[in-house]
Structure formats: C-alpha cells, structure tokens
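To start, the structure itself, in structure tokens.
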Amino acid sequence: MASRIAHRGPDDTGVWSDVDAGIALAHRRLAIVDLSAAGHQPMLSASGRWVLVYNGEVYNHLELRKQLESTGAAPNWRGHSDTESLLACIEAWGVDETLKRSVGMFALALWDGRERALWLARDRIGRPYSIYQGIHKLPPGTWMKLGAGQRDVQPVRYWSLAEVAERGAANPFTGSDVEALDALERVMGNAVRGQMMADVPLGAMLSGGIDSTLVTALMQARSSRPVRTFTIGFHEKEYDEAGYAHAIAAHLGTETRNCS
C-alpha cells in the first residue's frame with residue numbers, strides 16, 4: 001500500500017507492525033520540517049506507548065514544545081519535527097487536548113500500545129466525502145478511537161466551525177474600520193508566517209487575483225529574500241491571468257516563474 005503512494009512521499013518510507021495486535025502502520029514521507037532521520041515515521045513516543053503516522057503540518061508545534069518545557073513535561077528531544085512534538089504533547093495532555101491546541105492541516109493514525117486501541121484524527125476544515133462507495137472519510141474536526149473488536153464507533157468532535165461562527169456572531173467586532181484592518185492583517189500575517197515554517201524552499205501560486213496576491217504580499221513582507229512565485233498561463237486570453245500576476249510580482253519584488 002505504501003509503495004503505491006511513493007510519488008506522494010519520495011523522501012523516506014517506514015513500516016511498523018504488532019503481529020499479536022493485528023496492526024500495521026506504513027508511511028511515505030515528503031520531508032518539509034526536520035529532513036534528518038529524526039523525522040522518520042512511523043515514530044514511537046519517548047515512553048514507547050504511542051506509535052504515530054501523520055501527514056500534514058502543525059504550524060504551532062514549536063509553541064507547543066515551549067509549553068511542554070515550561071511545565072517539565074518535555075522529553076529529551078531527538079530532533080525538531082512536528083511529528084515528535086505531537087507525540088510528546090499526546091503523552092503529556094492526551095489526544096483530545098493535543099488536537100484542540102494544534103494549529104495546522106493534518107490527518108493521523110495513532111496506535112496506543114497500552115490500551116491496544118487505534119486513534120484516527122484530522123484537522124478542522126475539509127470535506128468528509130470519498131470517491132469510493134462504502135468508504136467514508138473522518139469528518140473534519142473529529143477523532144475516532146477503535147478498540148479491539150469494536151465496529152460501530154462514532155467520531156467525537158473536538159472543534160466545530162458552526163460553534164465558532166455562532167460565537168463570532170454573538171460577539172461582533174466593535175472597533176473602527178482601521179482597527180478592523182489592523183486586526184485582520186495581524187491574524188492573516190500570523191497564519192501565513194506559520195505556514196512558511198519549512199526546511200525546504202517555499203513558493204506561492206500567484207494568479208494575480210485578490211487571494212493569491214494578498215497571501216504572496218504577506219509572505220514577501222515576512223521573508224528576507226524574494227519569494228518564489230509561480231503562474232500558470234493560458235493561450236486563451238479570456239482565461240489568462242499571467243499579465244496580472246507578472247505585474248503583482250514586479251510590484252512585490254518576487255522571483256517569478258511562468259508555466260504555460
């Protein structure tokens with residue numbers, strides 16, 4: 001199964017299994033943070049209780065490490081991968097609390113060797129649909145725990161978009177337009193900065209539209225070198241936005257590449 005997705009994870013591969021428990025975890029790695037062997041998966045926790053395979057990125061994992069260190073709950077770190085950070089947080093706080101504190105995009109499978117249970121979890125936003133009949137995705141913002149012999153298990157929600165929207169509607173922003181713009185730029189800037197965490201080169205798809213222009217501008221403002229931007233051009237003028245993208249790139253001073 002892992003070999004079939006080698007193109008999605010060309011940098012490393014690993015398999016862990018517990019024959020007695022009837023469980024096997026496989027992983028193909030696309031290395032983004034901590035390119036060394038210290039980021040290898042499946043990864044065991046410091047105590048050996050937990051085994052994790054995980055795809056994605058936890059943008060605030062260094063902040064989570066500091067929280068662990070401030071309370072004396074941090075292990076002797078083997079590397080600086082967010083995978084290791086997740087495992088340490090799970091050992092200290094449990095799965096549900098770790099998910100609530102984690103900011104990022106991810107899907108994970110976690111084996112608890114002590115309780116002999118498999119945890120599945122995914123990040124907060126996304127669509128719970130599958131292209132295969134009879135196969136369902138775990139809904140966003142939920143986790144599921146599968147014990148031996150269990151079949152009818154329901155997902156548990158740790159975050160709800162509807163609840164966040166309701167709280168926002170009940171407590172609307174009361175500042176001025178200028179204060180609102182400053183607050184928005186601060187929130188978006190923090191989000192972009194978190195997603196720029198990488199030990200490999202980063203780039204941005206720049207169409208010249210509002211969304212990609214805003215993200216690229218925030219990236220460039222937080223980068224010490226020109227951001228690499230990529231644009232897809234079309235021969236049909238009614239679909240081609242390359243001209244707009246090049247104008248934005250010139251204004252921001254990014255390094256541009258055109259893909260026609």
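The values are calculated or read from the model by the stated rules, or taken from the named source; none is laboratory data. It should be emphasised that the depicted structure is a prediction, and the values quoted were computed from it without experimental measurement. Here the Cβ positions follow ideal geometry from the backbone for every residue, glycine too, while neighbour counts run over all protein chains shown. When the accessible area is computed, the model is the full protein with side chains, heavy atoms only, and any ligands, DNA or RNA have been set aside. Shrake-Rupley method; radii C 1.70, N 1.55, O 1.52, S 1.80 Å.
Reducing the stretch 218-251 and the stretch 40-97 to their Cα centroids gives an inter-centroid distance of 37 Å.
The modelled label-to-label distance between VAL15 and PHE173, using points 7 Å beyond Cα along the C-beta direction, is 5.2 nm.
Need one number: % antiparallel among DSSP beta bridges in the chain, to the nearest 5. If you can, show how the numbers build up before the last one.
Numbers: 31 of 40 bridges.
In the chain, DSSP labels about 80 percent of beta bridges as antiparallel.
Take each peptide in 78-85, 168-175, 93-100, count the other Cβ atoms within 10 Å of every residue, and average; sorted highest first, the result is 78-85, 93-100, 168-175. In summary, the lysines within cross-link reach of LYS137, defined as a Cα separation below 22 angstrom excluding same-chain residues under 8 places away, comprise LYS100, LYS145.
Counting other Cβ atoms within 10 Å of each Cβ, which trypsin sites (Lys or Arg not before Pro) in the stretch 7-57 have at most 12 and sit in a DSSP loop? Let's see the in-between values first.
Working: sites: ARG8, ARG28, ARG29, ARG49; in loops: ARG8, ARG49.
Passing both the DSSP loop test and the Cβ count: ARG8.
Would you indicate which of [x] 77, 51, 37; [y] 61, 48, 43; [z] 52, 39, 36 is the value of Cα extents along the principal axes in Å derived from the coordinates of this structure? Label [y] holds the value from this structure. Taking 0.36 nm per residue of separation and subtracting the Cα-Cα distance, full extension of the segment from ALA37 to ALA2 would add 10.8 nm.
Measuring from centroid to centroid over Cα atoms, what is the spacing of the stretch 164-201 and the stretch 104-121 in Å? Spelled out, the Cα-based centre of one part sits 30 Å from the other. Against the criterion of solvent-accessible heavy-atom surface with a 1.4 angstrom probe, SER45, SER3 sort, most first, into SER3, SER45.
Ordering 183-195, 101-113 by mean Cβ neighbour count within 10 Å, with the highest value first, yields 101-113, 183-195. Label separation (ALA247 vs LEU214): 1.9 nm, computed from points 7 Å beyond Cα along the C-beta direction.
Could you calculate the contour length gain from PHE234 to GLU166, that is, 0.36 nm times the residue separation minus the distance between their Cα atoms, to one decimal place in nm?
Numbers: separation 68, 0.36 × 68 = 24.48 nm, distance 4.19 nm.
Stretched fully, the PHE234-GLU166 segment lengthens by 20.3 nm.
If the chain between TYR129 and ARG157 were fully stretched, how many nm would it gain, using 0.36 nm times the residue separation less the Cα-Cα distance? Working shown, then result.
Details: separation 28, 0.36 × 28 = 10.08 nm, distance 1.69 nm.
Here the answer is 8.4 nm.
Return the loop-located trypsin sites (Lys or Arg not before Pro) in the stretch 115-167 (DSSP other than H, G, I, E, B) with at most 16 other Cβ atoms within 10 Å of their own Cβ; answer none if there are none. Those that pass, being in a loop and sparsely packed, are ARG116, LYS137, ARG151. Estimated at the nearest 10 Å², the accessible area of ARG222 is 80 Å² with a 1.4 Å probe.
Per-residue ellipticity at 222 nm from helix content only, as computed over the chain with -39500 (n - 2.57) for each DSSP H run of at least four residues, stands at -9500 deg cm²/dmol. Our coupling estimate for the stretch 152-157, obtained by passing each phi through the Karplus curve with A = 6.51, B = -1.76, C = 1.60 and θ = phi - 60°, is 8, 10, 9, x, 10, 8 Hz, Gly and Pro reported as x.
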